[in-house]
Structure formats: C-alpha cells, structure tokens
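Below is one structure, written out as structure tokens; the observations come after it.
Read-outs throughout are calculated quantities, based only on the coordinates presented, and are distinct from any laboratory measurement. Because the structure is a prediction, the values reported are computed rather than measured. Cβ coordinates were reconstructed from backbone atoms using ideal geometry, including for glycine residues, and neighbour counts include every protein chain displayed.
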Amino acid sequence: MHKLARLDRQYVWHPFTQMRDWDRREPIVLVRGKGAVLEDANGNKYLDGNASIWTNLHGHNHPRLNRAIERQLSKVAHTSALGLANEPASLLAEKLVKAAGRPLRKVFYSDDGSTALEVALKMAYEFARRTGRARSPRFLSLDGAYHGDTIGATSLGHIDLFHKTYGGLLFKTDKAMSPTCYRCPFNRAKPERADARTTRKCNWECVGKVEAQLRRRKYAAMVLEPRVQGAAGMVMHPEGWLKRVAKSVRESGALLIADEVMTGFGRAGELFAGRKEKVTPDFLCLAKGLTGGYLPMGATLTTQPVFEAFLGEYEEFKTFFHGHSYTGNQLGAAAALASWELLNQPKAKKRRKEMEKVLGRELNSLWPLAAVGDVRREGLVVGVELVADWKSRRAFPLKSQAGIRVCEAMTRRGVLTRPIGNVVPLLPPYCSTDAQLRRMVRALRESIVEVFGREKV
C-alpha cells in the first residue's frame, strides 16, 4: 500500500462514506490532473466522470484559471468582507447580477452550496416576518430533496437516509410531491425503453399536489432545484413543470428559492437551468461550478425588496446577522471571473452543445441492457438508474450495493464516478473530448454487463 494511502486510512474521515468499507481496500490517492484526466499516487490514470463531485467545469490544471489565481495571489490572498470590499468580488457580483437578470440585484457570498442555501433560508425567514407574511415562517421543498448539510439546509431535505438521523436538531418543513416521471404513481402505462419524460402521458397531477399544499398554508418560500434533483438520483423534471409550479408559488405569495448549486453554469444546458422555462427566482443559490471547481465559494442572489427589508438605522438592528470568515475571498472570486470568461466564449457554448449530442447518441447503447431501467439526461447531467426488473421498475435492495459495484468496475476501467444509490451519474468536464465521452459510456456499459451479466431486453 502506498504511504499516502496508509496515512489516509490512519487519519482521515471521509464524507458520506461508510469507513468500515473504506478500510477494506486501498484508497485511490489522487496527486495530479490535466484536463479530464486524473492520476493517482501509483501512476494510474482515470477520466473524471463526475467532474469531481459536480464541480469541475473546464478540466483540471487549466492554465487560464491557474494564471488568474497566481495573479491575485501576488496582490492579496484574503481580506475580510466585514466592513471592507475587494476588487474581484465586486467585479464578479456585477457579472452574476447582469447574467441572472431582474429582479435579482444583490449578491451575498458564502463558502459552499450548503451555506448559500442557509443564507437564502435566513433571508426569506426574516423577510416573511418583517413584511407580515407569517409570524412563524415555514418552508416547502420536494420529496427527495437535498440542499446541503448545515442545519437549515438539512431541514429542507427529505432523504431519510441522509436526514432522519438529525431529526431532533432540525426545524419542521413540508414536503411536496416530486415530479418523478420514471416512478410516477399516476402513470400506469407499461414501461418503454426511452426517457419517461417523453413517453408517459402526463395530466400534471404532481403540479396539482403542489398547488394544494400552497393553498393550505402560507409559506415563506418554496425551495427547489430547477429541472434536475441531483442527490435524489438525477431526477429530471418534465418540460413545463417548473414554469407551472413557479407560477403557483407566485400566486400564493411565497418566494421562490432556486438551488442551482449543481445545475448552474451550463451544466444543465443553459447558464442557469431556470432559463429553460424563463423562470427567475427570488433567490438564486450558486456554488460548485462557480469557481470552475477550483476553490470553495458560494453565492446567494436576491432582490431589491429583500435587501431593503434589512435596511435601517444602526440602533434598529435590522442588519442581516450572518457571515463567513472567507466571504468574498479574492482567490475564489479571481478563479470565478476566469471561469466565467471561459464559460461564455462562443466556442465553449458550441462545444457544450456538441458534447450533449455525443452523449445522447452514446447513451442509447445502454437501453438494451436489462439492468438499466432509465437513462436520463439534461444537458451534461446524466443519471442511469439500475433496476432488478425493468418491466416492473423494481429497485435493487440497498444491501446489494448495485451502484457501488458498477462504479467500482468503472474505476477498474479507468473512469471515476460515484453512485447515488442505484443511480450512476455521469457529469463530464466541459473539456472532455468525443473519444473521452465515448470511453466513459463504454466503461459504464461494460461494467453493467460485468456486474449483472449479458442479459438483454
């Protein structure tokens, strides 16, 4: 075992990892990267099939991002945002606001996706109280929701595996029905070997369920991931659902909080996923790809009315009492500005569209496999759901570790990704070549065959 692997096993506790399983095998210790390729301490190379947990946009060790950080490092690495401004954070805020569009006018920086949601929650809570919307504001989120691991963000979550343990620490939130087309309880049609969003007849019963909840209670806000619920298993919403629900939220008087931590910055096909349905929220939460996957940074965009609810004289204590030591960090903002320029180049936009087409074609090769229940794609987000029986959609039991075994087989083929239960995600960096995309899908297909056999539909 490599020395670094021994040190890791001896001292490091990894997130979302059963450490007993971890100790049964030698860890992969990554030491360098270039483009879509990562290399471990033993010299083995891998394709980064999940963009380093959905963060890396342009590839590893990108020269333009490197130079941007180096230039800023030669000036100053960090100063406090409490009572002070800085150059790159100010420039970045302008770009974010102009890109997001009205009514979003203000940017509050934090450290990651969880804290970006925490900021939105606190602002929405206090806004509802100060405007008389509710004395004890409440929030609505979707079944299967995951919005982070801070206490507020965890309170919004509805994945028992992640959240139930901390029930005694959390505040009460309500759960709305998620538009899960593949497992829609209202659709009795026989399964077809195609994306359920396009093959199932839809009467929008799921929207009706959300509307009914919005009528029963006055909410401070509804929180959702536009178009794709990531940690729920890359659950992709049908066309039109977001627009219908956003309209209902507005009519109820609640605010809309969009968690675009994963879907933002072109990952779901548009700069921000909500744009696909012309939906602009009252709060836009960003992180992950904000710095191109280089440094921790979050941002919460909100409206002028929300901002003004916190304005007052010093002695009124209407200040937003929330902050982070590294808020608006210069190195993170410098990386984000460089990433922004790369992201918005015409050739970069064109290339992402080409990648979507290549992925779409390659993913069709998975449908003949009996262990594949659904193949979902939104932009450059892919979720392949593994099932014990494709005709009934019966899931593999948790103890079978179906997703884990497939991802381990992919690792042996030189492709890294991490399962979400029985769903295998693919989120390639935007620098991935056509050949690399084909290799990712081929590794997935071969791994499914290795684990479950060659049985075909």
Legend entry - Among beta bridges that DSSP assigns inside the chain, antiparallel share in %, nearest 5: 70
Inset, instruction - Sketch the reach of a paramagnetic label on residue 11 as a point 7 Å from Cα along Cα-to-Cβ, and name the residues of the range 41-76 whose backbone nitrogen lies under 20 Å away. - result: 41-42
Legend entry - Packing-based exposure ordering (other Cβ within 10 Å, fewest first) of 74, 339, 400: 74, 400, 339
Inset, instruction - Counting only C-alpha contacts under 8 Å and six or more residues apart, can you give the relative contact order of the chain as a whole percent? - result: 21
Inset, instruction - Give me the distance between the Cα centres of the range 427-457 and the range 348-372, rounded to whole Å. - result: 10
Inset, instruction - Determine the shape class of the range 192-236: with a ≥ b ≥ c the square roots of the Cα gyration tensor eigenvalues, call it rounded for a/c under 1.5, and otherwise prolate if a/b is greater than b/c, oblate otherwise. - result: oblate
Legend entry - Cα gyration tensor shape for the range 279-323, rounded if a/c is under 1.5, else prolate or oblate: oblate
Inset, instruction - Treat the count of other C-beta atoms within 10 Å as a stand-in for reagent exposure and order 171, 108, 16 from fewest to most. - result: 16, 171, 108
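If you wrap the range 20-111's Cα atoms in a convex hull and average its projection over all directions, what's the area in nm²?
Dividing the Cα hull surface by four gives the mean projection, 9.7 nm².
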Legend entry - Cα gyration tensor, the chain - rounded (a/c under 1.5), prolate or oblate: oblate
Inset, instruction - Using Cα centres only, tell me the gap between the range 100-152 and the range 383-418 in whole Å. - result: 34
Legend entry - Potential lengthening between residue 136 and residue 321 on full extension [0.36 nm per residue; Cα-Cα distance subtracted]: 64.8 nm
